[in-house]
Every structure is written in C-alpha cells, then in structure tokens.
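The values are calculated or read from the model by the stated rules, or taken from the named source; none is laboratory data. On a predicted model such as this, the values are computed, not experimentally measured, just so you know. All Cβ positions, even for glycine, are placed from backbone atoms using ideal geometry, and neighbour counts span all protein chains on display. Surface accessibility is based on the protein's heavy atoms, side chains included, excluding ligands, DNA and RNA. Shrake-Rupley method; radii C 1.70, N 1.55, O 1.52, S 1.80 Å.
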Amino acid sequence: MSDTRSKLLALLRSQPAGGFLSGQQAAEALGVSRAAVCKAAAGLRRQGYQIQAVTRRGYRLASEDAPLTRDGLLAALEHWQAPVEVWPSLPSTNLRARQLALDGAPAGTVVAALCQTQGRGRFGRVFESPPGGLYLSMVLRPEGSIAQALTLTAAAAVAVCRAVEECCGVSLSVKWVNDLVLDGKKCGGILTEGAAALESGRLEYLIVGIGLNLCTLPEDFSPAVRPVAASLYPGLAPLPVHQLAASLCRQLARLCFDPQPEQFLPEYRRRSCVLGHHITVHPPAGQPYAAFAQAIDDQGRLVVRLPAGGVQTLQWGEVSVRSAGSPPPEPASI
C-alpha cells in the first residue's frame, strides 16, 4: 500500500463513527493535493476497503472490517477442501470459475471478489458490480442433466437467504427466478451457467454466481439502476464479510452438492414475492403478457394462470409484479 493510501486509511479510521472527512481536510492533513486524496481513496476501494465518497461531504470508512482476503475466508471456512481464490477485482467471478472448471477444478472451488468490471446477468445483460458488494462463484459438478440448472438456481437463492439471515439478521425474498429482494428492491442476483455433454445431456459442470450489494451507495450505480437497487447495509454498520462469504459457501455446499428439492423448494416458495400476485411475464422473445403467479412446481418452474383461462408453466423469462388493482384473470382448473 502506498504511503498516501495508508495515511488516508489511518485518518479515516480516526474519524468519529459515521463521520465524514472532507477532501480539503484530508489534503491538508496529508500534505498532498485533493486529486491525490481522490486517487488514494480510489486505490483503497480497489483493494476492497469500503470507502464512501459523497459530494460536498467528503469521505468515510463504511466498515472497520478488513476487506475480504483469502486467508480470512479460509480461516472462517475452517476445513474447506476445495481451492479458494479471492481477488480485489475481477472482470467476472463466473468467468474465472469457468476457466478453473475447464481445468478440472473440483466441486466446491470458490472464486470471490469485491468488485467486477464485466459482471453479467441473465440473457447477457450487464450486472453492475461496484465496490461495496460481494461477488462469489462456486464450481459444482452435479450428476444430473442441464434441466437441473433451474432447480439449482432455486437452491442457491435459498442458500443466500439463509446466509444473509444468519450473518446479517436481514430477511430477503426472492423474485422468480433469480433476484434477491429487500424491501421491494433488488439487492442481489444469481447467475447459473454450465456445460453438458452433447451426446448424453449430462452436466460436466455448473457455475453458480452470487452478487450481493453490501454497503453500496445509490450513487455507485448507474441512473437506470439506482431507483431499484438496495444494499444490506446502507454504509453505516460493520460488515461481517468473511463470515457472510463463509456461510454462503457452506449453505451452497449443503443445498447444491446433492440437491434434494424437499430441502429448499418449500422455503423458496415461502420467500417468493411473486406467488399470489398479478404479474407481467417478459419472455426472452415475444411480447409481455399479463398472468397470475399461481405456483412453483417441483422443478422450480413458475406456473401462471392466464386471463383468458388456461395455465402455462414457465422455465425461462422474466416477470414483474403488477400494481394493485389489476383485474384478476378468470379462474381455470389445472
């Protein structure tokens, strides 16, 4: 760490809890320019320190915890048998985990980072991954077919919810199929990717990627994402990042190594924020349409009732909850 960075870190740690240090104050105390202070703060964030910068207020250290490190995560995991990598920043933890899987990495291999520069969501969308989050991917080698991927996404969602509740005391809900929701806003997501043998359709590997906003500030997101994004901690509480990452790994291993739907699907249904609501279905191709979210079946698929009658079972696509007062569809038997 450069001398300016280490001095700025010490200065931020000396501030009263929740207090800001202006750029001018920091520059005068360190004997450097305000541009140098800004550069040092950016360098600390790249290393994983939770430095907040707010216009006309200055800088503050959002967490006294050390940033996530491989040694710290291994200590929290204790007897973890698979390889573990921790990076300050990566283009994508899923991409790195896939490279390791192709090289023969065993089930349970973990890749974690505190920032992604090319984070990806479903259907090739950008998943904004600024500092202040936890991004973690795990290699799985289940023995099922590619159709099992949807069920494993549901298992991973429950694993994340359990880890967050255990370490942070925060209860999350799930928006089918892979969004993690806090107070109606998205605070994380899951991306499951894999490869299967063409002849047999059997899975060669799956990568489950988790993205969680820990203490990310609204201004860290793009204007389009800002109104719908939430963080577990709004920059005011210490982050149990090693404990959270370790709990997340253990829960993923418990539910995803040998997935048994009865162990997670009832909870996945209970945590759903779409079941029992009128929704709009946004298929990968075609026009959006109205429906009623009726059930989640044993394969993790969403069963919807259509306004004109009839039932449809969704394996892919996106849904959004419609506003209150939308007319209910006509009932249909199944």
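Of the accessible area of segment 242-315, with the probe set at 1.4 angstrom, what percent is carbon plus sulfur? Summing carbon and sulfur atoms, their accessible area is 50 percent of the total for segment 242-315. What the phi angles of segment 293-298 give under the Karplus curve with 6.51, -1.76 and 1.60, with θ = phi - 60°, is a coupling list of 6, 9, 6, 10, 7, 6 Hz, glycine and proline written as x. Computed about the Cα centre, the dipole magnitude for segment 87-177 is approximately 260 debye when only Lys and Arg (+1) and Asp and Glu (-1) carry charge, each at its Cβ. Look at the dipole of the chain built from charges on Cβ: of 55, 231, 6, the Cα furthest out on the positive end belongs to 55. Computed over neighbours whose Cβ is under 14 Å from that of residue 24, the net charge equals +2, Lys and Arg +1, Asp and Glu -1.
Taking square-rooted eigenvalues a ≥ b ≥ c of the alpha carbon gyration tensor, is segment 244-322 rounded, prolate or oblate, where a/c under 1.5 means rounded and, failing that, a/b exceeding b/c means prolate? Because a/c hits 1.5 or more and a/b exceeds b/c, segment 244-322 counts as prolate. Dipole magnitude for the chain: computed about the Cα centre from +1 point charges on Lys and Arg Cβ and -1 point charges on Asp and Glu Cβ, it is near 960 debye. In plain terms, the chain from residue 226 to residue 185 could stretch by 13.8 nm, reckoned as 0.36 nm per residue minus the Cα-Cα distance. Solvent-accessible surface of segment 143-185, averaged per residue with a 1.4 angstrom probe and all protein chains in place: 33 square angstrom. If the chain linking residue 282 and residue 80 were pulled fully straight, counting 0.36 nm for each residue of separation and taking away their Cα-Cα distance, it would gain 68.7 nm. With θ taken as phi - 60° and the Karplus curve 6.51 cos²θ - 1.76 cosθ + 1.60 applied, the whole-hertz 3J(HN,Hα) list for segment 184-196 is x, 10, 7, 10, x, x, 10, 10, 9, 10, x, 9, 10 Hz, x standing for glycine and proline.
Can you give the local net charge around residue 104? Use residues other than it whose beta-carbon is closer than 12 angstrom to its beta-carbon, Lys and Arg +1, Asp and Glu -1. Summing Lys/Arg as +1 and Asp/Glu as -1 gives -1.
Looking at segment 17-165 alone, DSSP beta bridges between its own residues are antiparallel in about 65 percent of cases. The fraction of accessible area contributed by carbon and sulfur in segment 114-173 is 50 percent, rounded to a whole number (1.4 Å probe; ligands and nucleic acids excluded).
Distances between placed amide hydrogens fall under 5 Å for residue 289 paired with 281, all partners being 5 or more residues away or on another chain.
Each of 132, 192, 247 was placed along the dipole of the chain (beta-carbon charges, centred on the mean Cα), and the one lying farthest toward the positive end is 132. Computed 3J(HN,Hα) for segment 213-220, one whole-Hz value per residue from the Karplus formula 6.51 cos²θ - 1.76 cosθ + 1.60 where θ = phi - 60°, is 7, 8, 10, 5, 7, x, 5, 6, glycine and proline marked x.
Remark: the residue 56-residue 10 segment gains 14.4 nm on full extension, using 0.36 nm per residue and subtracting the alpha carbon distance.
For segment 77-101, the residues whose amide N sits under 17 Å from a probe point set 7 Å from the Cα of residue 126 along the beta carbon direction are 90-93. Taking the empirical scaling 2.2 N^0.38 Å for compact globular proteins as reference, the chain has a Cα radius of gyration ratio of 1.08. For segment 157-217, the equivalent ellipsoid derived from the alpha-carbon gyration tensor has semi-axes of 29, 11, 10 Å in decreasing order. Taking all protein chains as they are arranged and a probe of 1.4 Å, the heavy atoms of residue 183 leave approximately 140 Å² accessible to solvent. Farthest toward the positive end of the dipole of segment 1-117, out of 26, 102, 67, is the Cα of 26, where the dipole comes from beta carbon charges about the Cα centre.
In segment 38-109, Cα pairs under 8 Å separated by at least six residues give a relative contact order of 25 percent.
Most simply put, the chain has about 90% antiparallel DSSP beta bridges, counting only bridges with both residues inside it. Free of any GluC sites (Glu not before Pro) that DSSP assigns to a loop and that have at most 14 other C-beta atoms within 10 Å, the longest stretch within the chain is 200-334. Put simply, the amide H of residue 277, placed in the peptide plane, has neighbours under 5 Å in 293, leaving out anything fewer than 5 places away on its chain. By a 1.4 Å probe calculation restricted to protein chains, residue 168 has an accessible surface near 20 Å², given to the nearest 10. Within segment 110-155, the trypsin sites (Lys or Arg not before Pro) that combine a DSSP coil assignment with at most 15 other C-beta atoms in a 10 angstrom radius are 125. Sorted into 5 angstrom bins from 0, the C-alpha pair distances of segment 160-311 split as 2, 8, 14, 18, 18, 16, 13, 8, 3, 1, 0 percent. The label-point distance for residue 289 and residue 311, in a model that sets each label 7 Å from Cα toward Cβ, rounds to 1.7 nm.
Pairwise Cα distances in segment 59-138 exceed 17 Å in 50 percent of cases.
The rule of thumb for compact globular proteins, 2.2 N^0.38 Å, goes into the C-alpha radius of gyration of segment 108-212 1.09 times.
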